[in-house]
Structure formats: structure tokens, C-alpha cells
Amino acid sequence: MVLNIKQYQSTRSTLISPPSDFSPSSDARGFVFCCVDGLKLLSSTLPTAPGHMFSVTNQNTFTQVLQMLFGFGVAALCDTGVCPVSVQTEVEKYESCPGQRNVELQEIVLVMQSFVEDNFYGSLVLSKYLGILIAACVQILFGPNNPGRVIKQNKNLLLVQKSKIIDSKIIKNFLDELLYKSPKVASEIVNLQLPKGTAKPPTWLLAVTNDLMRLQVLRPNGVLNVARQLFEHYGSIVTYEDQDFCDKVSTVIVTPPRVKPKEYSINIIEQVSVMLEELTNSKLRQQFLRLYKNLVHKLTADNPDLAFDLYWSKIFSPCITWNLNTKNPSMSKTLLGEKDAESWLNRLETIANSGLLQNNLSEKICNEFLSALLYLYHHVYQGISPQKTALLALVKELLGSSSSWPNKIIDFLSTNLNDKREVLWGNGPSGGFMLMCQSGNSAPRSSAFSLDPNDILGSNDKIVEVTMKILKSLPSGRDDQLSDFFLQLFRDVISSGSEPEQAENFLDGPADLHQFQVSLRKGLLLDLLCQTFGQKLLKNTAQTIALLKLIVVQKSDNPSLEKDEVLLISFGILSTYMRDEITLSESDESEIKSLIGPLNKISETSGNREVAKLSNDLKICIATKINLDSLPNLLKNQGDATASTLGSLPDIIKDLGDPLIPSRAHAIIQLGKQFAAKNPLVMENVELLQKILIENLTHDDSYVFLAAVKCLAQISWCNTQNILDRITYEIQNTSRKEDDRAKCMEVLVNIIKITNEMLPKYESQIFNCLLKCVNHQHSEIMRVSSLSCLGELCKICKLGILCHIQEIIDVCERTLVEDQSPLAKKGAILIIANFIESQDKSLFHELERETLRIYRLLKKVTASRYDEEVEHRALQALGVLSGIVREFMFPKTKIQHDIKIL
């Protein structure tokens, strides 16, 4: 039939104006097919009249016809929940068999096919009714009542004849055409999957539309196109911060179809690999970044092997090239230009900042690519490249996503920077970096050998500095891994801690310079770790203490073992454990206490003064801890009324075991005040506290030693003999500093005053100790101090000193005659003066010979040119003795009256 456009226009009023008695239940069907017939007439003119175009009014008429056709026709013929919400009407469903409805529906679809094929009319149809056309085709082809099923389920030939079944390939081709006609197909497919009011889409529709969506994704740039449609379609409803919505979009894209799922996943991975480059100019960058993150995570989780081979290997392809380190003759000198390298690093930074490296392939990614990035960061770190920050963020993210990174850092420390590489990181002309091939040998190192670490490692060796920079940037909460790395590095340093073998020519340095450099790097890094991270390295207490014990025992068994640097670090770690800031188990404490013997042996046999001093300090600290553990809890926990002036007793007890010298010395001083105040709690445990003080007397530090000596003096009244024995020993201990020994003499004088009536029992011991020090030929301070203490002894002992009067006079005479020290002469005169002043004058008549010796000695002093103060004291003493000596020399004549009575 041929009908021109004018004929169609003349009937438009009939088509768009329903009769006044129109009823949806009775006349809608007839009205719809009236529209269908009219459109059939119009469609027949399309091939023959391409130049005929509707005016604006006629376009409106055509649009109204389409609206009634789809609103009253297709919407009513589709099953419940199939039609999109935007064109769903309140028209009641036709009460005819489902098969017949599908036949009528396909008739409408075929009519619309001719219009869709035309550019002009197709744009009018697809702009509003693309979704409903797809829904109609899907129902005809895949619905439960499609014509194919009607033939199988109905044996009534009359029904089959009326159904006018056509080949489903026509509808299938039309559906394929619709899927490629518009760039907004994905959003229309999603519309079909959404609930229509109270009606939910049927299950079969969801399955079919999911497959249709997968077809859209498989198209060139399908991932971006589908995602863009979904984001733009819902942009006014859902913002990019809505993580759930992005998850749904990524789920729609990533979920594979029922047929050929592996091929689908490969296609998606390949698209995602290049997707990041497309995001730079996207207006919806935030949404796409979140979607990109979800896609990568899902693909990596669902297909790890494919994701690594097709995505991660492509992302890190320069690292793979660097790792291969093989130069192909056909390979150009520049493998990755500076501009491309910058772009590549920017992509990696985006991936790192998005958290994409935190996945189930983190370990594999770290193992494969971290080494190359560490070398690259070391190369960039030496210059002023602005890419340092980006590389540090990337390396930090890789370390944070892997538990095996300590092995990679250890390998990085073993780098031989003098090795010749075919492929290496180089400097770009604009200050960036590039990947390049090189030829020729590396520059030889200088043959002169220096012991300076900077000379040994070279100015270009920043490996330790770079490693510390990376470790400092690790996120919080990685203390356990940092502790494991520290232990691993510590073990490595111990195993390679021996001195390197020297070359035949000493100036050439070690025979294996590289091995020496590696040992030096590890030692420097170990020291820096302890200084920087402190207690964070000591999370793994049991293993750390076991390692420390091994080091200490080895050194004590073999004093010639060259591990002093490692030993010093071990002592520092043990001191940290002794501070009670880290909770130790009973087994850990037992292991530490067992080190007293080895530490004592090290302090006695080590030729390194610092090692000997620290080992002795640790031994004292551990022994103090053992004694403190024996104290009753009442003493360690209960405060006292004098806490405000004398310090808190629990704090004093706690600080007595502190390895820090100032804290321990201050605690000993405060304990001495508690002894002076006669605190009952302290006095009840004086024996244990005395053991602690005597143990601290072996300390080399003057602050601790003198504090302990003075504190012992406060309790000398209760255990005089033991304390006096120890102090006199320390006075005569030549390994002590002279100043400390002199201070001990002052403490001895205080003990003399404290012992009071008991002094005669100990005065011989004290006198003999001081007499030995007076004869000290090489120390003026010892002679002066001992003379001063002898003077005090003479003043206090009074009659008790008479048994040593001959020795005292001999000492004073020898000092005044032979000693050149003015202070010593003053001390000798002080002894004589104190002796004379402290004795009763009648006593000198009984000591005629000694008195005359003293008198002659004083006369000799006054006749010589001594210090004025010496002469003055000598004159004072002579004034006392003059009358007594005159009586010796000129005895008074007694007049006797002898009267005899004859």
C-alpha cells in the first residue's frame, strides 16, 4: 500500500483524539492499533520520500502518536515490572492470552523498526522510547510467554495461525541495532532493572539485562562509556562520595556473563589498564577514581593471576625491564624517556594514594617490584628532583601492604653500587629520571683506603640515609613489623660482625671491600634505628632478650671476639628493658637475671674501657633489681608522711633499679635522707637496702659511687664493721679516682662522728688506713686529705690516739721537712695543733720525750720561712707547750726548811 504524507496528516486528528466514550478497558486496544495502522502507512513512504520533513507542528503530532502508542499499547502489552518507570501508565492490562499479547507487541516493534532505521524519525523515537523498545524486544525474545513457547505449549492450530509468528532473528537483529544506536543504552538497561513503583522486575529480566550490560562493557572503551552513562544518569541523585553506589556500578561492570567469563575478565582488565590515562580529562574524575579503585580490587580478588599478568605487570612494566637487566642489541639507549617516566610515576602515585596496593597480591607485587623502586628512590634522592615525594609515598605504600618487606630492605643494604648494570636509572635533561641502557665499565674506585665511613661508602652511597627516610615514613601501627626488621637486621649484623680480611697491601683496605661496605651500612643503620625508634623496636621481647643473651654469653666466653659495637647496642637495649617501661614476663626477667655472671666476666676481661664500664653498670642494675624484688610490697607500694620533704618512698625504691645514672644516684641520695629521718619502713629492711648500696659501690660513675658511700655512712651505726671495711677498702683502692677516694675520707670522718663511743674499737683500723694514704708519694690530694682526716681523728679520739703518738709525730715531721706542698704542711701543723688542743695539759708532763719532739718541731717551723698561716698555727701550739717545756728544762727548786731540834 502506498500512502503519502498528506494522507497521513489528514487523519492525524482521528489518531490523537480518542472518542468521547473512550474506555481504557474496551477501546484502548482498538485505538492503539489505529495508531499502528497509521504509522504503517507513514512508514511505507519513508524509502520513497526522503526529502519530506515534518514541520514543528507535525513533529508534535508524530510525538503525540508515539506517546499514545507506547503509553496505551506497549506499556499494557508488556508483563508487570518490565516497562521502564518513565513511560509506565495506569492502563489496565489487556485480558487476552499472554502469547497473543506478545504477537501484538512484536507487530508494534516491527513498525517502529522502520522508523528507527531512518535518521530523522529514529532520533525522535530513540530520544524518548529507547528503553521501552529494548524492554519490548527482551520480552518477545526472552520472556516466559514468547511465541516460541506458545507453539510448544498450545496445540490449537487456530491460535498459532492468529499469532502470526515471525522469525525471532528479526527481533534479535533489531535489538542488536538498538543496543548500538544510542550512547545511553547502559542507563536505559539499568532503568529496566529498577523497581517500577510497587512492581519488581522479574528474575528473567534481570538475568537478560545483565547480559546486555556485559555486551556494552565489551565494546571499545566500554568500561568508561558504561560508567559515564551510569554516573551521568544518577549524577543528580547520588554524589561521588556515595561508596555504595560506586560499589554497585563496579559490581555491574565486573560481574562476568554466564558465557565465556574468562574472556570477559581479560577484556575488562585490559580496559582498566588504560583507563587511568583517560581519567585525567574526565569531568567526573572523583567518581571514576572510586570506580577505578573498586574495579581493580574486584578484578584482583576474583582473578589474581590474570590481574597480575595483564594489569599489574603492565602498570609496573619499567620495573620489570629494570629487573631483567639484559641489553638487547636492537634496544635503544633510552628505554623510558623523561616525560614518559614522569607520567608513569604520576599513575603509580594515583594508584598508591587510592589504596590499590592493599590487596591479595600485595606480597607478590612487593617481591617483584619493590627492589627496582628502592634503587630508583636512591637515584632520585641524591639530586633535587621534585619526584622524591611521589616515590617515597609509593615505596611507603608498598611497604605498608606487605609483610615481607624486611627481606627487601636487607637486600637493598647489600647493594653493590660498583656493579656494572646494562639497564639502570639515569638523569633526564630536565632534572627528572629515565630508564636507559649503558655501555662500558664503571669508574674504578680509588686504591687509597681510609677508615672514615664516608670515604669507605663513597659520596654517592646514600643507602642508609634513604632506608632511614623510608622507615620513618611508615604509617603508625607498623611497630611489630619494624621490630621484626630490627631483629632480622641485628641477627644479620651478628653473623657478619667479624673484622674483614685485609688485602696484601694494607693501603688497599679490606680484601672484600663490598662485604665491608655492607657490614658498615648495616651497623650504621642498626645504630640509627636505636636512636630514632627506641622502644618501638622492642615489641618482640622474648626473641630480643634471647638474642641479647646470645651476644653477651659469646663475648664472655671469648673475650677476643671483635663485637664491641654490637655489644654496646645490646647493653643499650638491656638498659631499656631494665627501666620497667616494658612489661616483662617471668621467663624474660629470669633470662636477664642470668646475665650477671657473663656481664661481670666481660667487665673484668674486656680491653675496651667503655664496654667494661657499661657491662659493670648493667651487672649492678640487674643485681639491684634482684634485691629490690626481695623487698616487701609494703615498702614498694606504701607512701609515708614524709614524702613531701624526703621524696616518695615507692618512687625511691623504683628508681634504685633505674639504669639511668642520674635517676639512680638521686634515689640513693633520697634513701640516705630516709635513713637520716629513721623512717620505720626503711629501717626494717636496712639489711637488703645495705646490699643494694654496697653493690652500687662497684660503679665507676662518681655520682652513683659517692651517693652510695654517703648513704652507707647514715647507717654506719647499725653495721659499723662491714661498712667501715668497705669504705677503707675504697679509700685504698688505687683503681678509683683520687677525688672519689678523698671524698671517701670525708665520709670516714662522718662515720667517726657517728660511731662516737664505739670509736676506740675501730680507731686503729681507721688510723692505719689514713697513715697509708699519707705516704702516697704521687698524689698531693691524697696526702692532704689524709692529713686533714688525721687531724680530725686526733681531735675526736683524744686519749684514744695516744697509742699512735709516735707515728703521728713521725708523719708530721716528715711532711714538714720533706713535703713541698703548702697544703700538706698546713695539714701536718693542723694535726699537731688538734692533738695539743684536745689533750689535758697534765698529760704532757707524762709524755716528756714526745712533748719535747713536738716542741722542737714547732720551733723549727717558726724559724723557717713557711706559709704565714702555718707559722701562725705553729706559734699558737708553741704558746701552749712553752710553759710545759720550760718546766722540763728548768725545774723549779723547792725550798725545804730542815729544822732540827738539838
Tally, over the range 202-230, of residues that are part of a helix (DSSP H, G or I), in contact (Cβ under 8 Å) with a residue 12 or more places away in the chain and not aliphatic (A, V, I, L, M) = 10
Hey, any hits in the range 501-517 for a residue that's within 17 Å of the chain's Cα centre (by Cα) and at pLDDT 80 or above?
-> no
In the range 352-371, what residues are open to solvent by 10 Å² or more (accessible area, probe 1.4 Å), farther than 19 Å from LEU306 by Cβ and part of a helix (DSSP H, G or I)?
-> ASN353, SER371
Please identify the pairs in which a residue from the range 545-571 that is over 14 Å from PRO598 (Cα atoms) has its Cβ atom under 7 Å from the Cβ atom of a residue that is among the aliphatic types (A, V, I, L, M) and open to solvent by 10 Å² or more (accessible area, probe 1.4 Å), counting only partners at least 6 apart or on another chain.
-> VAL566/VAL493; VAL566/ILE494; LEU568/LEU614
Which members of the range 596-607 meet the condition of being outside any helix (DSSP H, G or I) and either at pLDDT 90 or above or open to solvent by 50 Å² or more (accessible area, probe 1.4 Å) (or both)?
-> GLY607
The range 791-834, residues that are assigned to a loop (DSSP other than H, G, I, E, B) and either in contact (Cβ under 8 Å) with a residue 24 or more places away in the chain or surrounded by 16 or more Cβ atoms within 10 Å (Cβ to Cβ) (or both) | ASP819, SER821
Evaluate the following for GLU565: is it part of a loop (DSSP other than H, G, I, E, B) and at pLDDT below 85?
-> no
If we take the range 137-198, then helices (runs of 4 or more DSSP H) inside it with 2 or more residues that are farther than 17 Å from LEU77 by Cβ and either open to solvent by 50 Å² or more (accessible area, probe 1.4 Å) or modelled with pLDDT under 65 (or both) are 147-153, 157-163, 168-181
Would you pick out the residues in the range 776-807 that are touching a helix residue (DSSP H, G or I) at 6+ places or on another chain (Cβ under 6 Å) and over 18 Å from LYS761 (Cα atoms)?
-> HIS776, SER779, ILE781, MET782, ARG783, VAL784, SER785, SER786, LEU787, SER788, GLY791
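Table: residues versus (1) of a type outside the set (Lys, Arg); (2) in contact with a helix residue (DSSP H, G or I) (Cβ under 7 Å, 6 or more places away or on another chain).
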| residue | (1), (2) |
| --- | --- |
| LEU525 | yes, yes |
| LYS536 | no, yes |
| THR544 | yes, yes |
| VAL552 | yes, yes |
| LYS555 | no, yes |
| ASP564 | yes, yes |
| PHE571 | yes, yes |
| ARG579 | no, no |
| GLU589 | yes, no |
Determine, yes or no, whether PRO386 is over 17 Å from ASN323 (Cα atoms) and open to solvent by 20 Å² or more (accessible area, probe 1.4 Å).
-> yes
Just to be sure, is SER282 in contact with a Phe, Trp or Tyr (Cβ under 6 Å, 6 or more places away or on another chain), modelled with pLDDT under 75 and more than 30 Å from GLN438 (Cβ to Cβ)?
-> yes
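The values are calculated or read from the model by the stated rules, or taken from the named source; none is laboratory data. Since this is a predicted model, take the numbers as computed values, not measurements. Virtual Cβ from ideal backbone geometry, glycine too; neighbours counted across all protein chains shown. For accessibility, only protein heavy atoms count, side chains too; no ligands or nucleic acids. Shrake-Rupley method; radii C 1.70, N 1.55, O 1.52, S 1.80 Å.
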